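Visitor: Mind having a look at this structure? Questions to follow.
Just so you know, all these numbers are worked out from the coordinates, no wet-lab data involved. Here the structure is a predicted model, which means the values were calculated and not measured. When we count neighbours, we look across all protein chains shown, and the Cβ atoms used for this are built from the backbone with ideal geometry, even at glycine.
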Amino acid sequence: MITKMSHATLYVTDQQKAYDFYVNILGFSVHTDATMDNGFRWLAVTPPDQPNLNITLLNPLTGFMYPDPEVRNAFKLLLEKGSLGGGVLYTPDCRATYEELKAKGVVFRSEPKEQFYGIEAIITDGVGNWFSMTQTK
Amino acid sequence: MPIPPDVYKKIVTAKLYMDENFHEPIDLQRISRQACLSRFHFHRLFTRIYQRTPHRYLTQKRIEQARRMLAGKELSVSEICNQVGFESIGSFSVLFKREIGSGPQHYRKEARMRQEQAKRTPTAFIPHCFIHPHPGD
């Protein structure tokens, strides 16, 4: 029986830039930052209200995860175009968070709009991913 | 009743002011002045948008910064207490424990142990499927 998700992965073009975005701008906490002798870095962060959900920020172009060059090239293309949809980030107030993050230099693909499920803006992390940033009804 | 866009900007401006100046003795009057709103209106709108009072937000911001400093810097607990804007070590310890679940000294000890372990044996933190080639790859 599976009862919860403990880890989810976001692939990123650059782990240090990802650290800056998720920790310094969004305010996530670092759960684990461990680097192996071969340079593989396991960087796991947790959202402010979900200390038990590890989001690992991994670069698929390094390490052993994806040795196949075709797979790596596919990842490279998707990440460089910022095409990977990372999921939905919840905010209690979409418009306020939009104003705040915009002031911090975050790039949005769309500004807050009323949807049938709430108010949604499309946010990018600058390292390959976009998210729905939603205030649910 | 919806909050007008210009008022959102005012509240966000005040929040960003708190984010940048949390280590200083900030009170409601000073923050609401940043928003060009009366104390009453600012308190009401901030609480509605962020689902916590400005005072609680400021306390959480200070605790979060203290948490990072305890894990990463060599300063004493009382130095950190002062640097993040608390006036008394007693109230800092009580509030830290309430927010984080353990006292500052205990938190620091555990964070340091974890960091040491991550340095010594990084593989203890990384699921092996991420560091070894998958069968069939």
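Visitor: Determine the relative contact order of chain A: mean sequence separation of Cα pairs under 8 Å and six or more apart, normalised by residue count, in whole percent.
Guide: Reported as a whole number, the value is 24 percent.
Visitor: With each pseudo-label sitting 7 Å past Cα toward Cβ, what's the B:Cys129-B:Asp19 distance in nm, one decimal?
Guide: 3.6
Visitor: Over chain B, what is the relative contact order in percent, taking alpha-carbon pairs closer than 8 angstrom and at least six residues apart? Before the final figure, lay out the partial values.
Guide: Working: 96 pairs, mean separation 24.0, N = 137.
About 18 percent, as a whole number.
Visitor: Once you sort the root eigenvalues of the Cα gyration tensor of the protein assembly as shown as a ≥ b ≥ c, which label holds: rounded (a/c under 1.5), prolate (a/b larger than b/c) or oblate (the other case)?
Guide: It comes out oblate by the Cα gyration axes.
Visitor: Sticking with this one: Work out the FRET efficiency for B:Ile3 and A:Gln115 from their Cβ-Cβ distance, taking R0 = 22 Å, and round it to the nearest 0.05.
Guide: After rounding, the FRET efficiency stands at 0.75.
Visitor: How tilted is helix B:39-50 with respect to the longest principal axis of chain B? Cα atoms for both, answer in degrees (0 to 90, nearest 10).
Guide: Compared with the principal axis, the helix lies near 30 degrees.
Visitor: Using the beta-carbon distance between B:Arg52 and A:Asp68 and R0 = 45 Å, what value does 1/(1 + (r/R0)^6) give for FRET efficiency, to the nearest 0.05?
Guide: About 0.40, to the nearest 0.05.
Visitor: Among A:Glu114, A:Glu120, B:Glu74, rank each residue by its count of other Cβ atoms within 10 Å, from fewest to most, as a rough exposure measure.
Guide: Details: A:Glu114 10, A:Glu120 21, B:Glu74 6.
Ordered by Cβ neighbours within 10 Å, fewest first: B:Glu74, A:Glu114, A:Glu120.
Visitor: Just tell me the longest site-free run in chain A, where the sites are chymotrypsin sites (Phe, Trp or Tyr not before Pro) in a DSSP loop having at most 16 other beta-carbon atoms within 10 Å.
Guide: The reported range is A:1-63.
Visitor: Also, quick follow-up: Going by alpha carbons, how many degrees (0 to 90, nearest 10) lie between the helix axis of A:94-103 and the longest principal axis of chain A?
Guide: Its long axis makes an angle of about 60 degrees.
Visitor: To the nearest Å, what is the center-to-center distance of segment B:67-125 and segment A:1-24, using C-alpha atoms only?
Guide: For segment B:67-125 versus segment A:1-24, the Cα centre distance is 23 Å.
Visitor: Apply 1/(1 + (r/R0)^6) to the Cβ-Cβ distance of A:Ser6 and B:Asp27, taking R0 = 41 Å, and write down the FRET efficiency to the nearest 0.05.
Guide: 0.50
Visitor: Among B:His23, B:Gln34, B:Tyr8, whose Cα projects farthest towards the positive end of the dipole of segment B:1-51, with charges put on the beta-carbon of Lys, Arg (+1) and Asp, Glu (-1)?
Guide: Working it through, the farthest residue towards the positive pole turns out to be B:Tyr8.
Visitor: Another question, then. Can you work out D for segment B:1-51 in µm² s⁻¹ from Stokes-Einstein, where Rh is the Kirkwood radius over C-alpha pairs, the temperature is 10 °C and the viscosity is 1.306 mPa s?
Guide: Numbers: Rh = 10.9 Å.
Translational diffusion coefficient: 145 µm²/s.
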